[in-house]
Amino acid sequence: MVYLDKALSMTTNQIRERLQEYIRFADDKKVEAIYTIVENEINEELDLWNDQAFLAELDKRLSDFENNRVESSSWDDVKAKSAQYKR
């Protein structure tokens, strides 16, 4: 119960950091076990090319860009603006 209370008091970012640190040094069997638990979900999330809503959004954005319906900046403009904020 103590572990559950501690996990609930941590932010999602803190949990991610702790999991990443744990996985970095965990033995192979533990890493494989953790991966097995989330493998299907990982594969589904990473397979965006089969996600029709994602593809439709990409097509819409490309069309908007090609038909000048969105404001865009050149790479040089982006770098110049970034340099202004860096100071």
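Observations on the model:
- Taken together, the residues in segment 54-70 that are of a type in the set (D, E, K, R) and more than 25 Å from the chain's Cα centre (by Cα) amount to 2.
- Taking the criterion of being part of a loop (DSSP other than H, G, I, E, B) and either within 21 Å of residue 19 (Cα to Cα) or modelled with pLDDT under 90 (or both), the residues of segment 30-71 that qualify are 47, 51.
- Condition met for residue 81 (modelled with pLDDT under 95 and either charged (D, E, K, R) or in contact with a strand residue (DSSP E or B) (Cβ under 6 Å, 6 or more places away or on another chain) (or both)): yes
- The residues of segment 1-24 that are part of a helix (DSSP H, G or I), over 19 Å from the mean Cα position of the chain (by Cα), of a type outside the set (S, T, N, Q) and at pLDDT below 95, listed by number, are 2, 3, 4, 5, 6, 7, 8.
The values are calculated or read from the model by the stated rules, or taken from the named source; none is laboratory data. For clarity, every value in this text was computed on a predicted model and none was experimentally measured. Counting neighbours? That spans all protein chains shown, and the Cβs are built from the backbone with ideal geometry, glycine included.
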